[in-house]
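Worksheet: the structure to be examined is printed underneath.
The values are calculated or read from the model by the stated rules, or taken from the named source; none is laboratory data. The shown structure was predicted, so the numbers you read here are calculated from the model rather than taken from an experiment. Cβ atoms come from the backbone with ideal geometry, glycine included; neighbour counts cover every protein chain shown.
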4 protein chains.
Amino acid sequence: MSHNTFGHLFRVTTWGESHGPAIGCVVDGCPSLIPLSEADIQGFMDKRKPGQSKYTTQRREPDQVKILSGVMVDDDGVQKTTGTPISLMVENTDQRSKDYSEIKDRFRPGHADFTYDAKYGIRDYRGGGRSSARETAMRVAAGAVARKVLPGVTIRAALVQVGPHKINRANWDWAEVENNPFFCPDKEAAAFWAEYLDGIRKSGSSIGAVIEVVAEGVPVGLGAPIYGKMDTEIAAALMSINAVKGVEVGNGFEAATLTGEENADEMRMGEDGRPEFLSNNSGGVLGGISSGDPIVARFAVKPTSSILTERKTVTRQGEDVDVMTKGRHDPCVGIRAVPVGEAMVACVLADHFLRNRGQVG
Amino acid sequence: MSHNTFGHLFRVTTWGESHGPAIGCVVDGCPSLIPLSEADIQGFMDKRKPGQSKYTTQRREPDQVKILSGVMVDDDGVQKTTGTPISLMVENTDQRSKDYSEIKDRFRPGHADFTYDAKYGIRDYRGGGRSSARETAMRVAAGAVARKVLPGVTIRAALVQVGPHKINRANWDWAEVENNPFFCPDKEAAAFWAEYLDGIRKSGSSIGAVIEVVAEGVPVGLGAPIYGKMDTEIAAALMSINAVKGVEVGNGFEAATLTGEENADEMRMGEDGRPEFLSNNSGGVLGGISSGDPIVARFAVKPTSSILTERKTVTRQGEDVDVMTKGRHDPCVGIRAVPVGEAMVACVLADHFLRNRGQVG
Amino acid sequence: MSHNTFGHLFRVTTWGESHGPAIGCVVDGCPSLIPLSEADIQGFMDKRKPGQSKYTTQRREPDQVKILSGVMVDDDGVQKTTGTPISLMVENTDQRSKDYSEIKDRFRPGHADFTYDAKYGIRDYRGGGRSSARETAMRVAAGAVARKVLPGVTIRAALVQVGPHKINRANWDWAEVENNPFFCPDKEAAAFWAEYLDGIRKSGSSIGAVIEVVAEGVPVGLGAPIYGKMDTEIAAALMSINAVKGVEVGNGFEAATLTGEENADEMRMGEDGRPEFLSNNSGGVLGGISSGDPIVARFAVKPTSSILTERKTVTRQGEDVDVMTKGRHDPCVGIRAVPVGEAMVACVLADHFLRNRGQVG
Amino acid sequence: MSHNTFGHLFRVTTWGESHGPAIGCVVDGCPSLIPLSEADIQGFMDKRKPGQSKYTTQRREPDQVKILSGVMVDDDGVQKTTGTPISLMVENTDQRSKDYSEIKDRFRPGHADFTYDAKYGIRDYRGGGRSSARETAMRVAAGAVARKVLPGVTIRAALVQVGPHKINRANWDWAEVENNPFFCPDKEAAAFWAEYLDGIRKSGSSIGAVIEVVAEGVPVGLGAPIYGKMDTEIAAALMSINAVKGVEVGNGFEAATLTGEENADEMRMGEDGRPEFLSNNSGGVLGGISSGDPIVARFAVKPTSSILTERKTVTRQGEDVDVMTKGRHDPCVGIRAVPVGEAMVACVLADHFLRNRGQVG
């Protein structure tokens, strides 16, 4: 069985294949009276869309989003949500009519070819079908709506590692993220990566990456213990993105190496008369509930499985063969995962923001 | 809002506080006609129960599980599931009637005290209440039922890192896991940890850890793309365990450092005429669907937040104070997380095993 | 697959068989800080419990409810909900150890014997097992908690028809409901029913009934179009009660016979400056959303299937036989469905009350 | 909060407003390898679409359905489902650009105008927006897919009552349903209704109706006690249709008037060696589980609220006014509810068919 909806009160259902006529999503549960236009969404779509630099796939998709339902222009001329489901659609325009016969019956290593075939008995091999990262475009669209539900919350992400090369955290500058094609907050690292990724790209290879998402301004108290904890749902949301192999919150795997004394986030009363944490090892989540400190999550993306080097595989018919994935691909698919990670965290936060209102106060 | 149910067709709802009269769970959706006795469950409870070595909390709980519904003795005298909800309960017996006045109004750093208080406005401070790791006893109980739903699947876990000290993977021997109080598969590492953890324990400190769960014999095709992927739901299940800060599947964060050539799991036809993977970087999941190879997941557990060293904090009333957590605690709470990790993976697999039957074949 | 949870934010999971050691439920999602004691629940349990008059089953069950989790005594000595799951349990005490061999292999007509057997392949024949109306005790317990979530809402029910004998609506007096063993709001009808049901009871027969539930004080705006409408969820909640064959809201089936002019609930501004409906054919629900008028729902309960007259049936082994259900039974199971109907409506309203808070205002 | 998804494993999410650019749905969880073309769906759309006789609204909509995802042409040239979400869309073409200023601020009695306004604070008044019966077109589309999941099951519906005028059940002939514009199985009743409804239509009035749905060939054992019973979910599905006020299964409200002897469906072994029921008062559901007999459900539809007679109401601004609904409307909206009722039952059955496979056998 497939399952293409996530969220509890802010629910997103996505649909569509890489090479079908369109992809889309339905955002259900968005409160009414929120100003929402296609332009609000398009800005985020543009960050993710392919073909923007030589470091991403050369597929050309304008990714122009249309709102098909759930909004209305009010008496003041402002288009607002009506509380009914918001249907968003993007037409596929650059489904290059290439010959897929070579991969039609060959399971590309690292791709979902073998498992989709085994599970469903039929597989849309054109561009990966439903398993294509193209699906994430609609997550970004949904995330743009989610942000509108979250007044005062800022959700940003950055690429913090490409292959073995991490950024220098001392150089972190959010403004830099807009200045390079990697969403890199470290100017020096970006320069180094440019050269490094050029090599990867030219050799037809690919490389993994790590993305960090930071949400600031999240109110204290969001999260639904025990099985709908904030970190649980962020982990699920990020792990559901194509090619993600690991997720961590706060100091993550490093926490395994620390003592209780080192790891504890101590508290003191702040100047504004409110409790403050003196550190944020927790990544803004304690007991599955937001602490008011920035929520910090990271996720690891494996290298793009489409590469120009031949790999051993088998066919649907059970023959040993070799396969090479020609055509357009991302040398580092982690780059375009940056806006996707932001969007997923935005959706989780919007959901919890709405769920939390059910609390007696 | 809290949310204490997980699973879709194999659904588990847990309840209970550390120092209430009992804890329990309801396992709903378990198929009928499966032999199930209290003894089947008790063996797993015993692996997790406290007080079994000096490396875990000295709270003494027999953790004797009772089945209150959902089973019946058939004509052959075998107790079997009937398809109705299985209610499991464990009475709390060692709720030491100590004086909690010291922590009643103080937020212990690293604990969920502050966030529970902020979210709910009231908090069961006795032993952590609902946020206590005691809740995980019922996950283990549910996991024991889940295993019964999974014929031919073996789910095991081991502690692979304590603080900065990792096992030597070349020494991995599953049989060793039963021979030391750490569920460590490396005899040498276990010996080293014994000494290391003695030091941690005596100093009233604590340390983090990493656990690895391996599920063998999982059929190809389990998992529900796009938002109920196998790895997504394993990540959520493991991240929902107390104190977990990171989760990874297959080569996890290491995948970020690899090229596409290195990371690809190549395939060849096996001697039995079935496709085989030549490596398992994927951890048994491709595109969110089980590949037939062992499912491998790891999770990082932070150090126990209860330590004997004073830490800075604030009170509910807004005063700066120091707090120290006396009483019984686990120097490395990661140890007892081993059977919990196994149980969570078992529940996810049972759920997907049942969901997958809805497929046309 | 069975499914023993209902509700979305106010979620109730029930468990237990008629002749097992206990029955219970977990109420998850109840907000914190609500005063709640066992006595608050017990009063409603007592209305439903068996053996209170000669018109209901003579099984003797004290139905003493215990709260096992989710509450805590606060500093003022008041026991309040903590926001964590509330586990409620009732021990079965009068599981008469009679000989069930006669019905063990015979499918009693009108009962769920045949279908449970066909679905699950095993069946707890003792007192109907999970399909027994005994399960409804825990709905009443959950409903008592739900009422606490609904300030200013009054939910009452009454028996309005027994067999072909309807009440005279002109005689409706809520106070009368407490004065007779039928929850009948019409004193004259109650007197007539007493005699009528005596005849039914003495002949070992049984009869159907209709119950009406009225919820007053429900705020405008509750309900979740299109598939979580208020009337949709009330219909589901009532239809899920044992032996219910029909549900209607407002004028119900009578609406089929009316013209648009007759059926329209006209409006005028009230003296308090708020819109008022001049009639309530809608039963307080328009477009699936509460209108502010009383919510009115009715449900039909079939006659108890356990009767002292022999009926034709077959055995598990495929033989034609006759069967008669000896032992204790309700001559009109509709009577005890009255508090159950109230409870189910309370749970639906509590759920929607919490869900609705997710609205921008 | 709105909620626009139904189903558990066979999940349908609908979106769209009466006068927006399009309406649509996403069918998620449909098994793979099922042949599915637009033509398979279009036949059912055509049964429901407006403007087919003088007894339904004169809005002209071709209701041409498009499949946007979830299918692929296989090697044999047959288009089949792939197991991924099936996105269906119908463009609105006859959104008559009339002047809505008259009803923009007036709450039409019987419509959802007041409650949508109260709940959401904004309302798409053009043709009723989301609360329009136009939404049901997508239920019919989803139902057409559901039928494909149910081999050997026949689901049909008929109009059995218009106003006070019921059919004569002795005349029931399914073939007649295709011969008149009312889906009436009784030729004589159809002739009488034609005249009767002409009078209703010409006077600008409207009238209620009752629809009966019958599903034959349903396997024994479908349904998920206690809260996902077959009859529970059918009741919810039918009550969620616009204008429905009552739902019953089997003998429904009549069961309230019967004795246990009269109501019991006796059993005997059939000639084929399988148990048979000698009557079907239960409507094919016992204990919430399908019995193998035809599933029979009825639902009552209120008269269309749009009528040409002025009714008293109020404005958003709080003034007493009168309102009359000009424009196109259905004199008996129950007629077009016939294919909708069929579709909803098909969806519920498909869902339970898939859920039931999770059973041990």
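This table checks each residue for (1) at negative phi; (2) surrounded by fewer than 20 Cβ atoms within 10 Å (Cβ to Cβ); (3) within 14 Å of chain A (Cβ to nearest Cβ).
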site: B:85; (1), (2), (3): yes, no, no
site: B:90; (1), (2), (3): yes, no, no
site: B:104; (1), (2), (3): yes, yes, no
site: B:110; (1), (2), (3): no, no, yes
site: B:129; (1), (2), (3): no, no, yes
site: B:137; (1), (2), (3): yes, no, yes
site: B:145; (1), (2), (3): yes, no, no
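Take the conditions under 30 Å from the mean Cα position of the chain (by Cα), farther than 30 Å from residue B:107 by Cβ and among the small types (Gly, Ala, Ser) and apply them to residue B:291. Does it pass?
So residue B:291 fits the description; yes.
Counting only residues that are within 7 Å of chain D (Cβ to nearest Cβ) and surrounded by 21 or more Cβ atoms within 10 Å (Cβ to Cβ), how many does the range C:203-220 have?
5
Just to be sure, is residue C:54 charged (D, E, K, R), surrounded by fewer than 22 Cβ atoms within 10 Å (Cβ to Cβ) and not in a loop (DSSP other than H, G, I, E, B)?
Criteria not met by residue C:54.
Being touching an Asp or Glu at 6+ places or on another chain (Cβ under 7 Å), touching a residue at least 40 places away in the same chain (Cβ under 8 Å), hydrophobic (A, V, I, L, M, F, W, C) and more than 7 Å from every other protein chain (Cβ to nearest Cβ), is that true of even one residue in the range B:277-294?
Taking every residue of the range B:277-294 in turn, at least one turns out to be touching an Asp or Glu at 6+ places or on another chain (Cβ under 7 Å), touching a residue at least 40 places away in the same chain (Cβ under 8 Å), hydrophobic (A, V, I, L, M, F, W, C) and more than 7 Å from every other protein chain (Cβ to nearest Cβ).
Please determine, by comparing only the residues of the range D:1-26 that are β-branched (Val, Ile, Thr) and free of Cβ contacts under 8 Å to residues at least 24 places away in the same chain, which one is nearest to residue D:228 (Cα to Cα).
D:5
Restricting to the range C:138-172, name every residue that is assigned to a helix (DSSP H, G or I) and touching a strand residue (DSSP E or B) at 6+ places or on another chain (Cβ under 6 Å).
Matches in the range C:138-172: C:138, C:141, C:142, C:145.
For the range A:12-36: of the residues being more than 7 Å from every other protein chain (Cβ to nearest Cβ), under 19 Å from the mean Cα position of the chain (by Cα) and not in a loop (DSSP other than H, G, I, E, B), which is nearest to residue A:127 (Cα to Cα)?
A:23
Given the residues B:241, B:200, B:226, which is the only one that is under 22 Å from residue B:57 (Cβ atoms), surrounded by 24 or more Cβ atoms within 10 Å (Cβ to Cβ) and either β-branched (Val, Ile, Thr) or more than 8 Å from chain A (Cβ to nearest Cβ) (or both)?
Exactly one of B:241, B:200, B:226 is under 22 Å from residue B:57 (Cβ atoms), surrounded by 24 or more Cβ atoms within 10 Å (Cβ to Cβ) and either β-branched (Val, Ile, Thr) or more than 8 Å from chain A (Cβ to nearest Cβ) (or both), namely B:241.
Kindly evaluate residue B:122 against the criterion of being over 30 Å from residue B:35 (Cα atoms), outside any helix (DSSP H, G or I) and among the hydrophobic types (A, V, I, L, M, F, W, C).
So residue B:122 passes the test.
Out of the residues in the range A:7-43 meeting the condition of being surrounded by fewer than 24 Cβ atoms within 10 Å (Cβ to Cβ) and polar (S, T, N, Q), tell me which one is nearest to residue A:91 (Cα to Cα).
Going through the qualifying residues, I end up with A:18.
Touching an Asp or Glu at 6+ places or on another chain (Cβ under 8 Å), modelled with pLDDT under 95 and not aromatic (Phe, Trp, Tyr): is that true of residue C:314 in this structure?
No: the conditions fail for residue C:314.
Filter the range A:254-312 for residues that are at positive phi and buried (at least 19 other Cβ atoms within 10 Å of the Cβ) and give the result.
Selection gives A:283, A:284, A:287, A:288, A:292.
Contact list please: Cβ distance under 9 Å, first residue in the range B:249-261 and in contact (Cβ under 8 Å) with a residue 24 or more places away in the chain, second residue aromatic (Phe, Trp, Tyr), pairs at least six apart or on different chains.
Listed pairs, sorted by first residue: B:252/A:253.
Among residues belonging to the range C:314-335 that are surrounded by 24 or more Cβ atoms within 10 Å (Cβ to Cβ) and closer than 20 Å to residue C:138 by Cβ, point out the one that is farthest from the other protein chains (Cβ to nearest Cβ).
Among them, the one singled out is C:335.
Which one of C:248, C:233 is closer than 28 Å to residue D:231 by Cβ, assigned to a helix (DSSP H, G or I), within 8 Å of another protein chain (Cβ to nearest Cβ) and of a type in the set (D, E, K, R)?
After ruling out the rest, the residue left standing is C:233.
Condition (residue is more than 29 Å from residue B:254 (Cβ to Cβ), of a type in the set (Lys, Arg) and assigned to a loop (DSSP other than H, G, I, E, B)) applied to the range A:87-106: is it met by at least one residue?
The answer is yes; a qualifying residue exists.
Do we have any residue at all in the range B:190-197 that's away from chain A (no Cβ under 14 Å) and surrounded by 21 or more Cβ atoms within 10 Å (Cβ to Cβ)?
Yes, there is a match, as at least one residue in the range B:190-197 is away from chain A (no Cβ under 14 Å) and surrounded by 21 or more Cβ atoms within 10 Å (Cβ to Cβ).
Go through the residues of the range D:60-79 one by one and say whether even a single one is more than 30 Å from residue D:356 (Cβ to Cβ), buried (at least 19 other Cβ atoms within 10 Å of the Cβ), more than 14 Å from chain C (Cβ to nearest Cβ) and touching a strand residue (DSSP E or B) at 6+ places or on another chain (Cβ under 7 Å).
Looking through the range D:60-79, at least one residue is more than 30 Å from residue D:356 (Cβ to Cβ), buried (at least 19 other Cβ atoms within 10 Å of the Cβ), more than 14 Å from chain C (Cβ to nearest Cβ) and touching a strand residue (DSSP E or B) at 6+ places or on another chain (Cβ under 7 Å).
Of all residues in the range A:222-234 being in contact with a Lys or Arg (Cβ under 9 Å, 6 or more places away or on another chain) and of a type in the set (A, V, I, L, M, F, W, C), which is farthest from residue A:355 (Cα to Cα)?
A:226
Yes/no matrix, rows are residues, columns are (1) of a type in the set (Val, Ile, Thr); (2) modelled with pLDDT under 95; (3) over 26 Å from residue C:44 (Cα atoms):
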residue: C:320; (1), (2), (3): no, no, yes
residue: C:323; (1), (2), (3): yes, yes, yes
residue: C:326; (1), (2), (3): no, yes, yes
residue: C:330; (1), (2), (3): no, yes, no
residue: C:335; (1), (2), (3): yes, no, no
residue: C:343; (1), (2), (3): no, no, no
residue: C:346; (1), (2), (3): no, no, no
residue: C:360; (1), (2), (3): yes, yes, yes
